[in-house]
1. Scanning for something open to solvent by less than 30 Å² (accessible area, probe 1.4 Å), outside any loop (DSSP other than H, G, I, E, B) and more than 25 Å from residue B:730 (Cα to Cα), does region B:112-123 turn up at least one residue?
2. For a quick check of your reading: which helices (runs of 4 or more DSSP H) sit entirely within region A:179-290 and have at least 2 residues that are closer than 30 Å to residue B:720 by Cβ?
3. Write out, first by first residue and then by second, each pair whose Cβ atoms fall under 9 Å of each other, whose residues are 6+ apart or on separate chains, and whose first residue, in region A:19-31, is on the phi > 0 side of the Ramachandran plot while the second is away from the ligand (no atom under 13 Å from the Cβ).
4. Specify the residue that is most open to solvent (accessible area, probe 1.4 Å); the eligible residues are those in region A:67-94 that are more than 7 Å from the ligand (Cβ to nearest atom), of a type outside the set (A, V, I, L, M, F, W, C) and assigned to a helix (DSSP H, G or I).
5. Give me the residue from region A:201-219 that is surrounded by fewer than 24 Cβ atoms within 10 Å (Cβ to Cβ) and within 19 Å of residue A:95 (Cα to Cα) and, out of that set, farthest from the ligand (Cβ to nearest atom).
6. With the checklist (1) within 14 Å of the ligand (Cβ to nearest atom); (2) open to solvent by 70 Å² or more (accessible area, probe 1.4 Å); (3) within 14 Å of another protein chain (Cβ to nearest Cβ) in hand, flag the one item residue A:5 doesn't pass.
7. Do we find a residue being crowded, with 22+ Cβ neighbours inside 10 Å and either under 23 Å from residue A:40 (Cα atoms) or within 14 Å of another protein chain (Cβ to nearest Cβ) (or both) anywhere in region A:129-142?
8. Just give me the residues in region A:41-64 being more than 12 Å from the ligand (Cβ to nearest atom) and not in a loop (DSSP other than H, G, I, E, B), in sequence order.
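The values are calculated or read from the model by the stated rules, or taken from the named source; none is laboratory data. Everything numeric in this text was worked out from a predicted model, so none of it was measured. In this analysis, Cβ positions are derived from the backbone assuming ideal geometry, glycine residues included, and neighbour counts consider all displayed protein chains. We work out accessible area using only protein heavy atoms, side chains counted, and drop any ligands, DNA or RNA first. Shrake-Rupley method; radii C 1.70, N 1.55, O 1.52, S 1.80 Å.
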Amino acid sequence: MFAPEFEYHRANTVAEAIDLLSSNPGAKVMAGGHSLIPLLKLRLARPGVVVDIGGVAEMKGITIADGNIRIGALTTHWEIESSSQVAEANSLLAEAAGGIGDTQVRNRGTIGGNLSHADPASDWGTVLTALNATLEIRGPGGATRTASPTDFIVGPLTTTLGETEILTAVNVPVLAANQRAEYAKMAHPASGYAVVGAAVVVNVDGHTCTGASLAVGGAVPAPVRLTSVENALTGKELTFENIEAATAQADNDLGGEILGDFFASAEYRRAMAAVETKHALFHATEVAHH
Amino acid sequence: MTTRIFGSGIRRREDPRLITGQATYTDDVNLPGMVYAAILRSPHAHARIRSINTDAAKSAPGVLAVYTGADTEGVLNAIPCAWVVPDSDVKAVPYPAIATDTVRYTGDAVAAVVAESRYQAEDALELINVDYEILPANVHAESAMNEGTPQLHEDAPNNQAFHWVAAGGDTDSAFASAEVVVTDTIIQQRLIPNAMEPRSAVASYLSSMGELTIWNTTQNPHIARFVTSLVTGVPEHKIRVIAPEVGGGFGAKIPVYPWEMITAFCSMKLGRPVKWTETRSENYQSSIHGRDHVQTVEIAGTREGKITGIRSVVHAGMGAYLSTAGPGIPTILHGLMYSGPYDIPNIKADVYGVFTNTTPVDAYRGAGRPEATFLVERMVDLLANELNLDPVEIRRRNLIPKFEDGFDISLGLTYDSGDYQGALDKVLEHVNYEDLRRQQAQSRGQVTGNGHHDHGHDHGHDHGHDHGHGHDDQPSATKELIGIGVTTYCEICGIGPSQVAGAVGFGGGLWESAIIRFYATGKVNVFVGTSPHGQGEETTFAQIVSDELGVPVDDVEVIHGDTDNTPMGWGTYGSRTTVISGAAVALSSRKIKDKAIGLAAHLLEAAEEDIEYEDGKFFVRGSPDRSQSIQDIALMANVAWNMPAGMEPGLEASSFYDTPNFTFPFGAHVAVVTVDVDNGHIVLQRYAAVDDCGNQINPMIVEGQVHGGVVQGAGQALWEGAVYDEDGQLLTGSMLDYALPKAHLLPDIETLSTVTPSPHNPLGVKGIGETGTIASTITIYNAVIDALKPFGITRLEMPLTPEKVWQAIQQSGKP
Ligand SMILES: Cc1cc2nc3c(=O)[nH]c(=O)nc-3n(C[C@H](O)[C@H](O)[C@H](O)COP(=O)(O)OP(=O)(O)OC[C@H]3O[C@@H](n4cnc5c(N)ncnc54)[C@H](O)[C@@H]3O)c2cc1C
């Protein structure tokens, strides 16, 4: 639990950070440090240079305008959880943020670090997939590009981020009046990370589903959209039976690889992908009050 | 009217320093010229060491020395096992501080580096090159004795560490003639103790004096000194062990480990103070683990539900070596508990200790007794199930009736006092048992019937689907079953008479001593040989003295933890500190009072027989204005200007207390759980505990001990479990995978008590440190199995993860 020696640099701007990455091959940026530092301490990561971006002001904060919520990559989970504007504009963001790890983790961990680390058990990838978020990425020379969460996260601890690129912000649409959203998570009792997480955004007209955006994570190497379930649900009345029948199809969308370990096998996680989606839909659509 | 200080829930005086960061733990000790040790640990569970090359490490920056087993062999003696249970063929196999030719678990020490800084020491570890010949590993207690299983020690054929049998009555005929017999296999999974403070030692050897001082995070500094002397060869009177603030032990800080012996060795070699503090990962690998039993159990009874016999064959994993108290835990502290609070005429415990390529196993909160209570209470529930009896009813039919002074059980022990029915009645009334059963019937109707599909449920977004409380009036769209667990227990505490210690092979005595010293200012120090580390005796011992002698409680300070300024004692474990050490404090208080009466009589020019004592004042009978306060007496005794003939100066007393018998706390616990049938997720909704620890010195501390204990026991039932793979790699190597109980996963714990004083203890106390852990694992487990009754499920393995519950439901073939 003692990190090997590394050189420490502190960047004040995104451009400065990218310069440092460009001139030090193999360098790693550090945001909240909640995933990077454990890796260093276990000596599983041995970057020669660590670029601390914790002080880069332009990557912090939340702005809501024109139906869009822009969250700087260095914004902490706690800042998202505790913002009343976020809660009003998109309750799912606040709810998901509040369910991450524990208070200490939420105080340090950042949304950008979480996405860039791409732990399959993380929550943001799943939630932002269901919310159709857009990620902003900056590269050398001020080059910018955008990516959807599923384009960005490709597998366990693997993203399409280049060695000299930095994730700068996340853009999330404000939820419309007819949208219902929910995140159901089976948390690992040790870490709080998702064993299986299901995020749902449902468009409703009365009691009928007019469209749905559903995503599952934790069970799979990278978050997936549940298009079969979305299709099965769209146009249907949101009853217990219809939700149960639709979510039973989740299996079709999970892909070939399901994660498993001694706590929760692949077989179980596969089944839970449907169950958690069902639970999220029940809650989001308040089936109870019909 | 004054309220008595004995029995009042005053605040713990320990807490301010602990919660403001002013406490000094071993790792906070920094000495001039101090250097740092780090230990290289085997990455393999079983391997022969072909060669070790330390050249690169030795020349790394800051490195002062690198030592291997070749350096310590013959200098450090083997780590002794101090509980060699008699008539059990205990194989006290060699346990070297640093492995010489073979490593036997991942974590076994292979080398030690000493460097100017901790980072330099850690970096140098990576430069040591060990050539291992990997051997097949044996990781399961259950199969360790099977033919063909890899052997750990030449001296222990079939990996058998010992074989112990305890019996009372005649189990063979009881089972042969039984009307009903129920069997089960119970696995007490291996647990990792997880004290908040990991292990740490600072050793400083003064060659000019031949003196060794070790700051050591231990529960028993005097035992540590004794064993350190045996291992290092430094004479006992030249060793000083200081246990400064100790951040929790739970049994894991009873043993003397190789690590502090290595630290001492390094200091003796280098002539500089050396600090060693383990990392959390090291702690998981190489501080002792707890439990690890595979129990095959049978219970015999009549059709009316009278228990006629219980017997077990237990395979208890000892790990790779015998830790200090290892063999005593699954034997003496386990098998002798099989009668529980019941009158069971025929009992047999047949226990094999086995070696496996895993971390050594020793005492962990409850130590043998949770494993026994689990076994008994599980079998009682299974018998009830078989006979279609309510779990409460079967217990009522078997509980020992109320007794105040002695009840002999078939295993030969004499319980001190008990009112088991009383505790059961109290907890059932508190939880409204009948109503709980009604709610349960309703939940079963909902899940098995069709009325479940019309209510949203309060789906917590946070961890573990915490539905919160009070959701029961709001039917849920998910299918939840309610389960109720009821347990009655009786346990053995106040680990006990020295004569018994000798008879059962414990390598020491079990008495305690206490010195009370009054100063001229009337202030008091109490010196004890036990070593509290969270249990609160700095507060409760002051309460005892204050109560006995009428000094304000804040005028009494309790000193412990340093072998140089405390009298001999055997340490803090087995819920014995208040029972044994507290009794010694009471006896010394009474000696002080006797002396004070003599001096008061002299000063008041009265006969001793005419002196009365009340509330800190000594006065002449009939003339209360002719009096001396305890403070007046303390002053006069200390200046000694006017002592009666033959009376020594000073106001100080020393007592040695050896208990005539163990104490036997008891109680009844109820757990209420919900189980989500969709995903197998369990929520502990309620936990109510009635515990009887005899007289309570400080009810708030009693409550705190029960809280912590219940939570720790819940951990075993629901979350905790050390997992090794077949190669002996610890898969639960950190808190990322090893799930400790979290506050948000637990309900408020409802604590109640009854008071049945121990007839033989000077204070009437029994011990409360472990009751929660002893009862709660099985209470919660039984509640979960009870919830799953509609599926016909009668057993699951712990921890009760959602998948295990879900799989069992899937396999039950029921909807
Ligand atoms: C005990 C514990 C429990 C946790 N529980 C949960 C949970 O329940 N759910 C959950 O989702 N997460 C959980 N986490 C993860 C936590 O939320 C952090 O979000 C996560 O560790 C990474 O965020 P960070 O800011 O600390 O990133 P860092 O540790 O600083 O960085 C992580 C990685 O991302 C890279 N990186 C960071 N920021 C950027 C950027 N802007 N651009 C490019 N690369 C970047 C770093 O180089 C590094 O490789 C938990 C963590 C811990 C320690």
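1. yes
2. Values: elements: A:227-233, A:240-247, A:266-285.
Ranges flagged: A:266-285.
3. Note: pairs meeting the criteria are A:26/A:48.
4. Applying the first criterion (more than 7 Å from the ligand (Cβ to nearest atom)) to region A:67-94 yields A:67-72, A:75-76, A:78-94.
Next, only the ones that are of a type outside the set (A, V, I, L, M, F, W, C) stay: A:67-68, A:70, A:72, A:75-76, A:79, A:81-85, A:88, A:90-91.
Next, from what is left, pick out any that are assigned to a helix (DSSP H, G or I): A:79, A:81-82, A:84-85, A:88, A:91.
On the way: A:79: 80, A:81: 60, A:82: 58, A:84: 81, A:85: 117, A:88: 166, A:91: 58 Å².
The selected residue is A:88.
5. By that ranking, first place goes to A:203.
6. For residue A:5, the exception is condition (1).
7. Yes, some residue in region A:129-142 is crowded, with 22+ Cβ neighbours inside 10 Å and either under 23 Å from residue A:40 (Cα atoms) or within 14 Å of another protein chain (Cβ to nearest Cβ) (or both).
8. The answer is A:57, A:62, A:63, A:64.
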